[in-house]
Amino acid sequence: MVSDENDSPAIGRVCAELLQSRPRVINVGLAVFAIDLDAQDVDVVHVDWRPPAGGDEDLARLLSMLAD
Amino acid sequence: MVDTAALAPAIRRANSKALEILLQGDPVLIDVVPAKDLIPELKEHTILHAGPPIEWDRMCGPMRGAVAGVAVFEGWARDLDEAGVQASKGCFDFHPNHHFSAVGPMTGLTTCSQPLLVVENRAAGNRAYCTVNEGLGKVMRFGGNDESVRDRLAWIRDSLGPALGSALQCCGGIPLRPLVARGLTMGDEMHQRNVACSSLLLRELAPALASAVADHSDLSEMLAFMGSNDQFFLNIAMAMGKSIMDPVRNIEQSTVVTAMTRNGTDFGIRISGLGDEWFTAPVEMPAGLYFPGFSAADANPDMGDSTIVETIGLGGFAMAAAPAVAGFVGAGSVAEAAGITARMREITLGEHPEWTIVSENYQGVPTGIDIRLVVETGIVPTINTGIAHREPGIGQVGAGVVKAPMACFEKALRALGERLGIS
Amino acid sequence: MSVTVNIVRAGVFLDSVVLMQISRELTAIQGVEDAALMMATPANWDILSDAGLLDEDTMAGPGDLLVAVRAQDQAIADSTLQRAAELMERPAQQNNTSQELRPLTLRSACRQLPDANLALISVPGDFAGAEARKALRAGLNVMIFSDNVSLAEEISLKREARDLGLIVMGPDCGTAIIDGVPLAFANVVPRGDIAIVGASGTGIQEVSCLIARAGEGISHAIGVGGRDLTEAVGAISTLTVLDWLERDVATHHIVLIAKPPAPSVVDQITDFIRSSSKSYTVCLVGSDDLALPDNAKLTTTLKDAAAAAVKNSKGLEALPVVQQAPAAGSYVRGLYSGGTLAAEAQVVFLSHRQPVLSNVPVPGAGLFTSERANHIMIDLGDDRFTRGRPHPMIDPAVRDEPICAALSDPDVGAVLLDVVIGFGAHPDPAGHLAGLLDRHGRSGSVVIASVTGTDEDPQVRAKQVSVLERAGVVVAPSNADAAELALAGLKIG
C-alpha cells in the first residue's frame, strides 16, 4: 500500500477542529512532554528524534531541500 | 536558479510512480535457458560477476577462486593454476550481472554455457535471469572450485537445466507473487531462509518435471537434489527481484533504490533518478554464526547480487516473517525480528499489498527504499547473507546479517543534489 | 590427546540457527577444541568430517540431530555434552527487548497515530523549522517550543500553515491548553469560558492561574510566539486563532496578551475585535497606547488582565500584610525565568515612577548592560542565556549563581523571583531555592517571590509556597504583587 505522504498533503482539512476535541499529539524532542501527556491519557506518540544525517550539516541542508 | 519549492512535489510524484511499478510487478518463472542464448554479449572468456564493476586485481579470494573454477568448467583453462594465470593476464572480460538483466548469488559468476532461470515480469514485460542454485556446502558461488564443484555444474548444465526448462514450458510457468506470499506466512524471508518456497516450488514443479524426464533414476536424482536444498528458491527469488526492479530504473527525480549489490570488495547501489550509475563504498563484514571449524577470522567481506531481494522488501526487510533468521545476530526472538522490520519501515515508501507478515496483522513488507530516508535517519538496509571463506576454493563458512554502508547512500544523495542543480 | 564424542538424538529437529547458537556457546567452554550440533544431512556430515568432529562409529540419518564435541579430555567432553543437552531443553528465553520500538521520524510516528492533529516540537532551534515543515505537510498543526528559530523561518512556516488551514504556535512558546489538556509548560486549571492568546508562555501561565484562583476557568490557551505581532510576521497565528475562537462555542471572553504590536497589524487586530461577537481583554505589557473598540478592555499588567477577564475579581485583590526587615540596599534585582513576568515587574516599577533596566526592556525602561546601581529585571529565559543550556524553568540551578551574586551585592535591597510550576517545570523549584538560600546563609536583602501555578499542578502550589515561606521568602499572591511588595519594602527601609 502506498502510504499517505505520496499523496498530496492534507490541504483543506477542517483545522479549527484542533480546538474541538482533545489533542492527539506527535511529540518531537523532549520526552518529558510526551510522558506528561501520556499521564493525562492523551493520545501521544514520541519520536526518538536525532539530528538528520547524523549531524552532517551539508547533507541535512540537501535533505531539507529534497524533503517531502 | 532552481525552483526548490517545486522539487519536493516532483520527487513525490516520481517516487509514487516508482512505487506503483514496483508493487505491480508480476513475476513468473517461465523457463531455464543456456546463458549464451539469453545474453548475446556472453561470449567465450566473458564472465559476469556479482556486484558493481570490478577487475581481477581487486577481486576478493572467493571470487578469484570461482573465476578459476568457472574457467576450467568452461574449458578455457586446463586447470585452476592456468586459469589464474590467464585471469591475471587479462584474458577474461569481466562485467556485472546487473548490466545484462542478470543476477547471481555470492560470487555470482555467469558464463555462456550455464543454464539460467528466466523470470518474466508480466506487468512490465521484461525478463531477468539467474543461475540455478548449486546446493549447500562446497559450491562455486562461495568460491569453491574443485572437481566436485565443476561436476555438479556440468550436471546442472547437461541434465537439470534442460529438464527444468522443459518442465516450466510444459506447465506454462509458475507465478511467483502468490508463491512468495505463501512462503512469507510459512517463515521464509527469501534470502537466508527459503525452505518453504523451495518446497512449494518443488510441489508445483514435480508433476511437470516427471513428464519432462523419461529416465526414472534421472528424475529421482533431480528431485532429491532440489528437495535436499533449502536454498534452491533463492536464485529464483533473485531473478524475480531483478525482474521487478529493472522497470523501476530511470524515473527522473525518483529517489528509490533500484539495486543493491556487492562484489566482495565494494558495495554498490543504483538510484532510479540517477540512471545506471553505481554509487559504491567498501563492503562491510557480516556478523553471524559460523559452521564448525570456522570463525569470523575466516570470513570474506559481504558479497553477492542477492541483496536484490532486500531491494524489493524481502530478506532483512521481511525479518519479522522469519524470526529464526534474526538469531544469526541476536537471540532470535520474535521481538527482535519485528524490530528489524520496523526499522526498515523508517526508510521505505510503502508496503507490499500481498506480501504480508502474519505476526504483524498482515501488514505488508516494507518496500521501496528511499535514499533520503536512509540518509536522514541514519538507518541503513539490514541484509541477510551467507558468509564465504576469504580464501579461494573453500566455500561457505557461515551465515549472518550485514549492513549496507551509509557512504553509498550519501554519495547518491549528493549526486542527486548536483543533478537537480541544488548542491 | 583430544577425544571426539558424538551423540545422536534420533528424530529430534531443531532449527539450524538454534543449533549454531548452542554450538557457539559450547565452543567457548574451556578445554573444548570444537563443537557442533547439526542435523545429520549428507552435506552436514561432510562439514563435520572436515572439522574433525566425527567419531567413525557414529551412525545417523538426515532426520537425526548429531551433537559432536572434540575436547582435551573425556571429562570435559562429557560435561560439554551435558551442557548441550541443557541448552537444547532450555525453554525459549523471554528477553526484555520487546519494548515497543519508538519511531525515529515524524513520518513513521504519523503512521502510528494516523489521526494526530498536533505536533509538539522541542528539538534544537536549528532543526525545529525542518520538523515543523514536515508536520505541516503531514496535515498537523504545530506547536514550536524551541527557541532560536530564525524570523525568516517563522514567517515561511506561518505562511505555509495559513495556506494549509493550519496553525503554527510559537516559536519559543512553551504553553498551550487545548480542550483542557495542558501542553508542554502549562498548569492544571479548571475548564471555563475564557480563552487566552499570548505571545509567550509565562504570561499565559500567570493569567490562567490567576483566573483559576479567582474561581473561573479556561477554554483554550494558545501561545503564538513573541514575534507574531511584528510587521514582518503580520499576526498570522494570532488572527488564525482569533478566528477559530470566534467560532468556538466554549469561549465567551478572550484575553490577548501581547507586546505592543506593530502599527501595521494594530488595525487588523482591532478590526477583528470590533466585528467580533465576543468580549476581549487586551493586555499590552508596558503600553497603554492602543485605541480599542467597546467590547475590549486594555490592561498593562497580567494581574489586571486576569481581573478584567473574570466576572468577580475579589479573589485577586487581597495583598498579604507583610512584616519586612528593613532592606539594606537601595535597589531591586529581579531574576526571572519568565520573560513576560520580567516585563510585568518593569511595568509595576515604571507605574511608581521608578527607573528600571532590563535585558528585555519594556517601553520606558532602559537596556541593561553593566551598570548595577539600578533596579534591574533580568529574563534568564532569554535566547542569549538558553543557547546550549537548559531553560531556568526546567533547571532552576541556572539561576543559582545570579541569585547568590545579588544576595551578596550591597546595592541590592530586595531580590525578586518568579517560581513557575506546572507540567514541564522542575518537580520542586521551591525546594531547590530553599536549599540555595540555606547554603548561602543570611543576607541583608529580602527575597520576594510569587508562585505561578495551582494546587492541582503536580508540584502543588500551596506546598511550594510553604516551602518558600519556611526558607524566609516573602511570597506574594501574584507576580505584580511581588513587584509592589519589593518597592514597598524599599520605601519602608
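Descriptive notes on the structure:
- Distance-filtered residues of the range C:68-82 - backbone nitrogen under 20 Å, label point 7 angstrom along C:Ala10 Cα→Cβ: C:68
- Inter-chain Cβ neighbour average for residues C:178-187, partner chain, 10 Å: 5
- Gain upon complete extension [B:Asp218, B:Asp158; 0.36 nm per residue less C-alpha separation]: 20.4 nm
- Minimum 10 Å² accessible area buried by the other protein chains, the range B:291-321 residues, probe 1.4 Å, relative to alone: B:Phe291, B:Pro292, B:Gly293
- Angle in degrees between helix B:216-227 and the longest Cα principal axis of chain B, rounded to the nearest 10: 30
- Cα centroid separation, the range C:423-479 to the range C:157-188 (Å): 29
- Peptides B:211-220, C:268-277, C:173-182, C:352-361, ordered by how many other C-beta atoms sit within 10 Å of their residues on average, highest first, read C:173-182, C:352-361, C:268-277, B:211-220.
- Nearest 10 degrees, 0 to 90: helix C:429-440 Cα axis against chain C principal axis: 80
- Rolling a 1.4 Å probe over the protein heavy atoms gives the range B:26-239 an accessible area of 35 Å² per residue.
- Within the listed set B:Pro62, B:Pro292, B:Pro207, the Gaussian network model of chain B (springs between alpha-carbon atoms below 10 Å) gives the highest mean-square fluctuation for B:Pro292.
- The B-A contact accounts for roughly 1900 square angstrom of buried accessible surface, both chains included, probe 1.4 angstrom.
- Modelled FRET efficiency - R0 25 Å, C:Arg102 with A:Gln20, Cβ distances, 0.05 increments: 0.30
- Rolling a 1.4 Å probe over the protein heavy atoms gives the range C:26-179 an accessible area of 42 Å² per residue.
- Estimated from the Cβ-Cβ distance and a Förster radius of 56 angstrom, the FRET efficiency linking B:Glu252 and C:Asn312 is about 0.25.
- In degrees, nearest ten, helix B:195-212 long axis to first principal axis of chain B (Cα): 50
- Heavy-atom accessible surface of the protein assembly as shown: percent carbon and sulfur, 1.4 Å: 51
- If you model the range B:263-376 as an ellipsoid using its alpha carbon gyration tensor, with each semi-axis the square root of five times an eigenvalue, the axes come out at 24, 23, 10 Å, biggest first.
- In this label model, C:Asp46 and C:Val3 are separated by 3.2 nm, measuring between points 7 Å along each Cα→Cβ vector.
- Cross-link partners of C:Lys463 among lysines (Cα-Cα below 19 Å; sequence separation of 8 or more within a chain): none
- Interface residues of the range C:128-151, defined as those with an accessible-area decrease of at least 30 Å² between the chain by itself and the complete set of protein chains (probe 1.4 Å), are C:Glu131, C:Lys134, C:Arg137, C:Gly139.
- Label-to-label distance, C:Glu246 versus A:Asp43, with points set 7 angstrom from Cα along the beta-carbon direction: 3.0 nm.
- Between the range B:105-147 and the range B:48-78, the alpha-carbon center distance in angstrom: 14
- Listed by chain and number, the lysines whose alpha-carbon sits under 21 Å from that of B:Lys242, ignoring those within fewer than 8 places in the same chain, are B:Lys17, B:Lys36, B:Lys403.
- Dipole size of the protein assembly as shown about its Cα centre, with +1 on Lys/Arg Cβ and -1 on Asp/Glu Cβ: approximately 1920 debye, rounded to the nearest 20.
- Sequence-distant contacts, meaning Cα pairs under 8 Å at least 6 residues apart, place the relative contact order of the range B:287-340 at 30 percent.
- Protein heavy-atom accessible surface, 1.4 Å probe, per residue over the range A:24-68: 43 Å².
- Backbone N atoms of the range C:425-451 closer than 19 Å to the 7 Å Cα→Cβ label point of C:Ser408 belong to residues C:433-447.
- Unit charges on C-beta of K, R, D, E only; dipole of the range B:47-104, Debye: 120
- Its residue count N sets the reference 2.2 N^0.38 Å, and the alpha-carbon radius of gyration of chain B equals 0.93 times that reference.
- Projected label distance in nm at C:Ile155 and C:Arg372, using a 7 Å step from Cα toward the beta-carbon: 4.2
- In this assembly, the A-C interface accounts for approximately 4000 Å² of buried accessible surface in total, computed with a 1.4 Å probe and without ligands, DNA or RNA.
- Selection from B:Leu234, C:Ala132, C:Ser16 lying farthest towards where the dipole of the protein assembly as shown points positive, charges on Cβ: C:Ala132
- Cut-off under 5 Å, modelled amide H: who pairs with B:Ala102 long-range: B:Tyr129
- At R0 = 25 Å, FRET efficiency that the Cβ-Cβ distance of A:Met65 and C:Asp383 yields, to 0.05: 0.40
- Assigned charges on the beta-carbon of Lys, Arg, Asp, Glu; the range A:24-68 dipole about Cα centre (debye): 80
- Within straight-line reach of C:Lys311, meaning a Cα separation under 17 Å, sit the following lysines at least 8 residues removed in sequence or on another chain: C:Lys278, C:Lys297, C:Lys303.
- Its residue count N sets the reference 2.2 N^0.38 Å, and the alpha-carbon radius of gyration of the range B:1-92 equals 1.74 times that reference.
- Dipole of the range C:350-493, positive direction: furthest Cα of C:Leu407, C:Phe423, C:Gly381, with charges on the beta-carbon: C:Leu407
The values are calculated or read from the model by the stated rules, or taken from the named source; none is laboratory data. In this text the structure is predicted, and so the values were computed from the model without any measurement. No Cβ is skipped: glycine too gets one built from the backbone with ideal geometry, and neighbour counts run over all protein chains shown. Protein only, heavy atoms only, side chains kept; ligands, DNA and RNA dropped before computing areas. Shrake-Rupley method; radii C 1.70, N 1.55, O 1.52, S 1.80 Å.
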